Amino acid sequence: MTAAYVLIQTTVGRADAVAAEVARQAGVTEANHVTGPYDVVARVEAETLEEAMGGAVRAIQAVNGVTRTITCPVVSLD
């Protein structure tokens, strides 16, 4: 299992709606409206990073109001 955090910028006034829609996407385990340079942060889990990018991240990018995303895969530094 792999995980990634997706940092999401939205159009003005759409952060709450985007967070709610992102939370409904398959593979998304959590989506929160936050403050700072990004409006929403989502956690995505999948069997492989390729599945996460091809599934949940692509679905997040298609949500109405999403203007930009940055995907940060979780890594182990052992």
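The values are calculated or read from the model by the stated rules, or taken from the named source; none is laboratory data. Computed from a predicted model, the values in this text were never measured in an experiment. Cβ atoms come from the backbone with ideal geometry, glycine included; neighbour counts cover every protein chain shown. SASA here: full protein model, heavy atoms, side chains in, ligands and nucleic acids out. Shrake-Rupley method; radii C 1.70, N 1.55, O 1.52, S 1.80 Å.
Considering helices alone, the calculated mean residue ellipticity of the chain at 222 nm is -4500 deg cm²/dmol, with DSSP H runs of length four and up weighted by -39500 (n - 2.57) and normalised per residue.
Counting only other residues whose beta carbon sits under 12 Å from that of Val74, what net charge do I get with K and R as +1, D and E as -1? Taking every Cβ under 12 Å from that of Val74, the sum is 0. Here the accessible area is traced with a 1.4 Å probe on the protein chains. For the chain, carbon and sulfur cover 52 percent of it.
Need one number: nm distance between label points at Thr2 and Thr67, each 7 Å from Cα along Cα→Cβ, rounded to one decimal. Placing both labels 7 Å along Cα→Cβ, they lie 3.0 nm apart. Note on the chain: with charges restricted to the Cβ of Lys and Arg (+1) and Asp and Glu (-1), its dipole about the Cα centre is near 320 debye. Once both labels are positioned 7 Å from their Cα atoms along Cα-to-Cβ, the gap between Arg58 and Asp78 label points is 3.1 nm. Short-range pairs are left out: with C-alpha atoms under 8 Å and at least six residues apart, the relative contact order of the chain is 44 percent. Scaling the Cα radius of gyration of the chain by the globular reference 2.2 N^0.38 Å produces a ratio of 1.02. Ranked by solvent-accessible area (1.4 Å probe, protein heavy atoms only, all chains present), the residues Asp16, Asp78 order from largest to smallest as Asp78, Asp16.
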